[in-house]
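Remarks on the structure that follows.
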Amino acid sequence: QVQLVESGGGLVQAGGSLRLSCAASGRTFSRYTMGWFRQAPGKEREAVVVISWSGITTYLSDSVKGRVTISRDNAKNTVYLQMNRLNAEDTAVYYCAAGPTVVEFSNVRSYDYWGQGTQVTVSS
């Protein structure tokens, strides 16, 4: 069993930056693919970026390429999402997800564990 707890969300002005964290419990964290998803009001949950257990990164949203960076610290059981040059379209609840064998990175069903989400609001 893995529990995920996100933090770092908040209100930020357009053009600003935030760093989200996702702390995971469980001894097998280092072997999990970790992903960040987001869900804006009235929209489906959208995959943003994932990182494999070995550190390979796959960006899944064209709108964030060049503006976000995912990283993981297996010693701390934590994955991070650094977001820069934020704009109003980035406003959403951001979720951390984990899965031991993720085949379809963008598919929410590929992930076994989810955090409760952290709200990011960008004011224009």
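Read the figures in this text as sums done on the coordinates, not as results from a lab. Remember, it's a predicted structure, so these values are computed and weren't measured experimentally. So basically every Cβ, Gly included, is an ideal-geometry build from the backbone, and we count neighbours across all protein chains shown.
Before moving on, here are some points about what is shown:
- Considering only 77, 36, 52, the residue lying farthest towards the positive end of the dipole of the stretch 28-106 is 77, judged by Cα position with unit charges set on Cβ.
- For the stretch 1-81, the set of GluC sites (Glu not before Pro) satisfying both a DSSP loop assignment and a count of at most 11 other C-beta atoms within 10 Å is given as 44.
- Derived scalar couplings ³J(HN,Hα) [the stretch 16-24; Karplus, 6.51 cos²θ - 1.76 cosθ + 1.60; whole Hz; x for Gly, Pro]: x, 10, 9, 10, 8, 10, 9, 9, 10
- Most positive-pole-ward Cα, 15, 5, 118, against dipole of the chain from beta carbon charges: 5
- The 3J(HN,Hα) values that the Karplus relation (6.51, -1.76, 1.60; θ = phi - 60°) gives for the stretch 85-94 are, in residue order, 6, 5, 9, 4, 6, 7, 5, 4, 8, 9 Hz. Gly and Pro appear as x.
- Distant-in-sequence amide H partners of residue 72 (H built 1.01 Å from N, under 5 Å): 80
- Cα centroid of the stretch 75-111 to Cα centroid of the stretch 5-49, whole Å: 4
- Candidates per trypsin sites (Lys or Arg not before Pro) in the stretch 62-110, loop by DSSP, up to 12 other Cβ within 10 Å: 65, 76
- Dipole magnitude of the chain about its Cα centre (Cβ charges: Lys, Arg +1; Asp, Glu -1), debye to nearest 20: 260
- Theoretical FRET efficiency, 1/(1+(r/R0)^6), r = Cβ-Cβ of residue 85 and residue 11, R0 22 Å, to 0.05: 0.85
- Contact order normalised by residue count of the stretch 1-123, Cα under 8 Å, 6+ apart, percent: 35
- Förster radius 22 Å - calculated FRET efficiency between residue 23 and residue 54, Cβ distance, rounded to 0.05: 0.60
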